[in-house]
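Structure, as structure tokens:
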Amino acid sequence: MNRIYTILLALQFLSHAQKGTLKASEAGAGNIIAVYGDAAAAQVPPAGWKFQWNERNKLGDSSGYTPLSYDEKAKAYGVRDASGALRTDAPSQTLSRDVFAMPDKNGGARCYIASFKLSADSAGDVWINHGNLRTPFTDGTEVQVYVNEQLKAQKHFAKDRFAHVFQFKLGPLKKDDVIHLAIVPKANSKKAGGRLLYVIEDCPTGQTPEAPSNIISPALGASTPQFGVNGKIGSAYADKHQTQCEAVVATRPELVFIGDSITARWPQEVLEARFGKHRPINLGIGGDWIQNVLWRVQNGMLDKAKPKVIVLLIGTNNLTGKFTPDEIASNIGGLIQEIRTKTAQSKVLLLGILPRGASIKDEINGAIRQTNAKLAELTDNKRVFFLDVGDKLIEPDGSISPAVMPDKLHVAGPGYTRWMEAMSPTLDKLLNERP
């Protein structure tokens with residue numbers, strides 16, 4: 001991908017992102033009744049919830065539904081065999097909200113069913129909202145929603161590396177009505193399911209709730225904060241963002257670090273000891289994708305900031321989320337364009353994505369090398385510069401030491417020391433050059 005093509009991709013991305021910037025919803029303000037993502041992460045189903053499968057009957061006859069049991073070792077709900085272990089040929093649900101269903105040998109469907117019983121009449125219409133399903137299975141997955149024994153909604157979702165989002169209107173409901181959301185496999189498939197999230201929402205009659213949020217995997221080119229499992233911006237995330245915005249105004253830093261948890265974990269004392277006179281500030285937030293950083297930039301992170309140098313490291317979470325090297329480079333190109341719009345006089349030092357895993361030979365590091373080669377093309381060596389310090393974090397035999405990356409992703413003290421030694425000469429030059 002040459003530089004002209006990269007710039008065109010970045011401009012297309014930026015146009016898309018600006019159109020998609022979050023705005024106050026004009027839809028109805030719904031009241032969240034229940035959050036599946038919270039319930040599914042609990043070792044004991046919260047009040048109103050049951051996790052079940054249709055052991056004896058077809059869908060639509062809840063008298064044949066059987067509760068799944070929790071297994072501490074597997075950290076999952078499922079069906080136990082004679083030895084007490086969870087069966088692999090029966091539906092299951094992990095605490096990480098991965099759900100699985102499969103056809104049976106007689107051509108029927110062994111479905112995963114999340115059931116919620118209402119404790120009061122709804123004030124308006126009940127909706128399934130902020131539905132997210134990322135399904136990796138070739139034949140996709142069907143979602144069916146029943147109220148008591150009546151089918152209210154169904155939709156098939158094809159295999160995709162990103163999450164599908166959905167909402168279904170169920171209408172006004174009464175106390176003790178039960179909402180069953182079922183994960184249904186095709187008869188000829190081997191398995192169905194994937195990562196699942198949704199909320200049950202009571203919305204004023206005649207109104208539509210806000211559009212469903214993509215919680216699991218921000219869309220390509222989007223500008224979005226991190227959402228919680230309820231489809232709303234996470235309160236801790238919003239607070240962290242606001243605190244950082246205020247700190248930028250108070251500090252007036254000459255040196256800014258932007259990124260995800262790898263940046264957020266920089267020991268502040270190390271930054272102060274080496275670059276204290278430049279008032280360094282750390283604007284990393286754990287879990288951020290490129291799209292999240294774009295939202296933070298567009299929503300005040302660099303307002304009133306005029307740093308000399310911005311160090312940008314982002315993209316490893318996008319790799320985990322199945323973005324390609326081309327897509328990551330395009331997204332980062334758009335992010336840099338937005339940073340330059342906010343603070344045109346600042347220099348941007350774009351860092352290559354750091355290696356991860358146990359060894360440089362791990363498959364993920366091949367994708368990292370491809371991505372970094374494309375990131376290097378985003379530079380003009382006047383305002384945007386590129387530096388890859390990854391080789392400093394690798395041992396001579398190609399391994400990645402647990403002392404450097406204890407969890408094979410996040411950098412520890414010795415790794416930050418090596419990183420600082422590799423980065424300091426470039427930063428010194430950029431900080432001390434005349435504008």
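Residues of the range 25-48 being modelled with pLDDT under 95 and more than 15 Å from HIS130 (Cα to Cα), which ones?
Within the range 25-48, just GLU26 meets the criteria.
Among the residues of the range 125-133, is any touching a residue at least 40 places away in the same chain (Cβ under 8 Å) and either of a type in the set (Asp, Glu) or surrounded by fewer than 22 Cβ atoms within 10 Å (Cβ to Cβ) (or both)?
Going residue by residue through the range 125-133, those that are touching a residue at least 40 places away in the same chain (Cβ under 8 Å) are 125-133.
Still in the running and either of a type in the set (Asp, Glu) or surrounded by fewer than 22 Cβ atoms within 10 Å (Cβ to Cβ) (or both): 125.
Yes, the range 125-133 contains at least one residue that is touching a residue at least 40 places away in the same chain (Cβ under 8 Å) and either of a type in the set (Asp, Glu) or surrounded by fewer than 22 Cβ atoms within 10 Å (Cβ to Cβ) (or both).
Go through (1) under 30 Å from LYS159 (Cβ atoms); (2) in contact with a helix residue (DSSP H, G or I) (Cβ under 6 Å, 6 or more places away or on another chain); (3) surrounded by fewer than 23 Cβ atoms within 10 Å (Cβ to Cβ) for LYS232 and report which single condition fails.
That leaves (2) as the condition not met.
So which residues in the range 377-410 are closer than 28 Å to GLN337 by Cα and hydrophobic (A, V, I, L, M, F, W, C)?
Of everything in the range 377-410, those that are closer than 28 Å to GLN337 by Cα and hydrophobic (A, V, I, L, M, F, W, C) turn out to be LEU378, VAL384, PHE385, PHE386, LEU387, VAL389, LEU409.
Condition first: at negative phi, without any contact (Cβ under 8 Å) to a residue 60 or more places away in the chain, acidic (Asp, Glu) and surrounded by 14 or more Cβ atoms within 10 Å (Cβ to Cβ). Can you find one or more residues in the range 392-401 that meet it? Talk me through it step by step, then tell me what you get.
Taking the range 392-401 as the starting set, the residues that turn out to be at negative phi are 392-397, 399-401.
Still in the list and also without any contact (Cβ under 8 Å) to a residue 60 or more places away in the chain: 392-397, 399-401.
This time we only want the ones that are acidic (Asp, Glu), so: 395, 397.
Okay, now just the ones that are also surrounded by 14 or more Cβ atoms within 10 Å (Cβ to Cβ), so none.
Within the range 392-401, none of the residues are at negative phi, without any contact (Cβ under 8 Å) to a residue 60 or more places away in the chain, acidic (Asp, Glu) and surrounded by 14 or more Cβ atoms within 10 Å (Cβ to Cβ).
Say whether the condition of being in a helix (DSSP H, G or I) and either under 19 Å from PRO280 (Cα atoms) or touching a helix residue (DSSP H, G or I) at 6+ places or on another chain (Cβ under 6 Å) (or both) is met by at least one residue in the range 384-402.
Our first condition is that a residue be in a helix (DSSP H, G or I); within the range 384-402, this holds for 390-393.
Next cut, either under 19 Å from PRO280 (Cα atoms) or touching a helix residue (DSSP H, G or I) at 6+ places or on another chain (Cβ under 6 Å) (or both) only: 392-393.
The answer is yes; a qualifying residue exists.
Output the strands (runs of 3 or more DSSP E) that fall wholly within the range 275-380 and possess 1 or more residues being within 19 Å of HIS241 (Cβ to Cβ) and touching a helix residue (DSSP H, G or I) at 6+ places or on another chain (Cβ under 9 Å), or say none. Spell out the reasoning first.
Working: elements: 281-284, 309-313, 347-351.
In the range 275-380, 281-284, 309-313 are the strands (runs of 3 or more DSSP E) which contain 1 or more residues that are within 19 Å of HIS241 (Cβ to Cβ) and touching a helix residue (DSSP H, G or I) at 6+ places or on another chain (Cβ under 9 Å).
More than 30 Å from SER115 (Cβ to Cβ) and at pLDDT below 95: does that describe ALA222? Show your work before the answer.
Values: more than 30 Å from SER115 (Cβ to Cβ): yes; at pLDDT below 95: yes.
The answer is yes for ALA222.
Residue pairs, Cβ under 8 Å, 6 or more apart or interchain, first in the range 235-256 and of a type in the set (Asp, Glu), second surrounded by 12 or more Cβ atoms within 10 Å (Cβ to Cβ) and part of a helix (DSSP H, G or I). List them.
As it stands, the answer is GLU254/HIS278; GLU254/LEU431, since those pairs meet every condition given.
Search the range 411-428 for residues that are of a type in the set (Lys, Arg) and pair each with any residue that is not in a loop (DSSP other than H, G, I, E, B) when their beta-carbon atoms are under 7 Å apart and the residues are at least 6 apart or on different chains.
Going by the 7 Å Cβ cut-off, the qualifying pairs are ARG418/LYS392; ARG418/LEU393.
Are there any pairs with C-beta distances below 6 angstrom linking a residue in the range 175-198 that is modelled with pLDDT under 95 to a residue that is part of a strand (DSSP E or B), with the two at least 6 apart or on different chains, and if so which?
Qualifying pairs under 6 Å: ALA187/PRO103.
What are the residues in the range 234-274 that are in a helix (DSSP H, G or I), under 21 Å from the mean Cα position of the chain (by Cα) and not polar (S, T, N, Q), if any?
Hits for the range 234-274 are ALA236, TYR237, ALA238, ASP239, LYS240, HIS241, ILE262, ALA264.
Quick one: in the range 101-134, which of the residues that are part of a loop (DSSP other than H, G, I, E, B) and either among the charged types (D, E, K, R) or in contact with a helix residue (DSSP H, G or I) (Cβ under 9 Å, 6 or more places away or on another chain) (or both) is modelled with the highest pLDDT?
Initial filter on the range 101-134 (part of a loop (DSSP other than H, G, I, E, B)): 104-108, 111, 118-124.
Now narrow it down to the ones that are either among the charged types (D, E, K, R) or in contact with a helix residue (DSSP H, G or I) (Cβ under 9 Å, 6 or more places away or on another chain) (or both): 104-105, 121.
Values: ASP104: 89, LYS105: 84, ASP121: 98.
Top of the filtered list is ASP121.
Anything in the range 67-92 that is closer than 11 Å to ARG110 by Cα and either not hydrophobic (A, V, I, L, M, F, W, C) or not assigned by TED's automatic domain parsing to the domain that holds PRO185 (or both)? List them, or say none.
Residues satisfying the conditions are ASP89, PRO91, SER92.
Can you tell me which residues in the range 152-174 are touching a residue at least 40 places away in the same chain (Cβ under 8 Å), over 21 Å from PHE227 (Cβ atoms) and crowded, with 17+ Cβ neighbours inside 10 Å?
Applying the first criterion (touching a residue at least 40 places away in the same chain (Cβ under 8 Å)) to the range 152-174 yields 161-163, 165-174.
From the residues that got through so far, the ones that are over 21 Å from PHE227 (Cβ atoms) too are 169-174.
Scanning the range 152-174 gives LEU170, LEU173.
Name the one entry in GLU246, GLU149 that is touching a helix residue (DSSP H, G or I) at 6+ places or on another chain (Cβ under 9 Å), surrounded by fewer than 17 Cβ atoms within 10 Å (Cβ to Cβ), of a type in the set (Asp, Glu) and modelled with pLDDT of 95 or more. Give the steps one after another, and end with the answer.
Values: GLU246 fails: touching a helix residue (DSSP H, G or I) at 6+ places or on another chain (Cβ under 9 Å).
Step by step, each of GLU246, GLU149 is checked, and only GLU149 is touching a helix residue (DSSP H, G or I) at 6+ places or on another chain (Cβ under 9 Å), surrounded by fewer than 17 Cβ atoms within 10 Å (Cβ to Cβ), of a type in the set (Asp, Glu) and modelled with pLDDT of 95 or more.
Which residue, of ASN381, ASN365, ASN372, is out of contact with any Asp or Glu (no Cβ under 8 Å at 6 or more places or on another chain), without any contact (Cβ under 8 Å) to a residue 60 or more places away in the chain and under 17 Å from THR324 (Cα atoms)? Working first, answer last.
Working: ASN381 fails: under 17 Å from THR324 (Cα atoms); ASN372 fails: out of contact with any Asp or Glu (no Cβ under 8 Å at 6 or more places or on another chain).
Being out of contact with any Asp or Glu (no Cβ under 8 Å at 6 or more places or on another chain), without any contact (Cβ under 8 Å) to a residue 60 or more places away in the chain and under 17 Å from THR324 (Cα atoms) holds for just one of ASN381, ASN365, ASN372, which is ASN365.
Would you mind stating whether GLY140 is surrounded by fewer than 20 Cβ atoms within 10 Å (Cβ to Cβ) and more than 24 Å from LEU220 (Cβ to Cβ)?
Numbers: surrounded by fewer than 20 Cβ atoms within 10 Å (Cβ to Cβ): yes; more than 24 Å from LEU220 (Cβ to Cβ): no.
Here the answer is no, as GLY140 does not meet what is asked.
The values are calculated or read from the model by the stated rules, or taken from the named source; none is laboratory data. These figures come from a predicted structure and were not determined experimentally. When we count neighbours, we look across all protein chains shown, and the Cβ atoms used for this are built from the backbone with ideal geometry, even at glycine.
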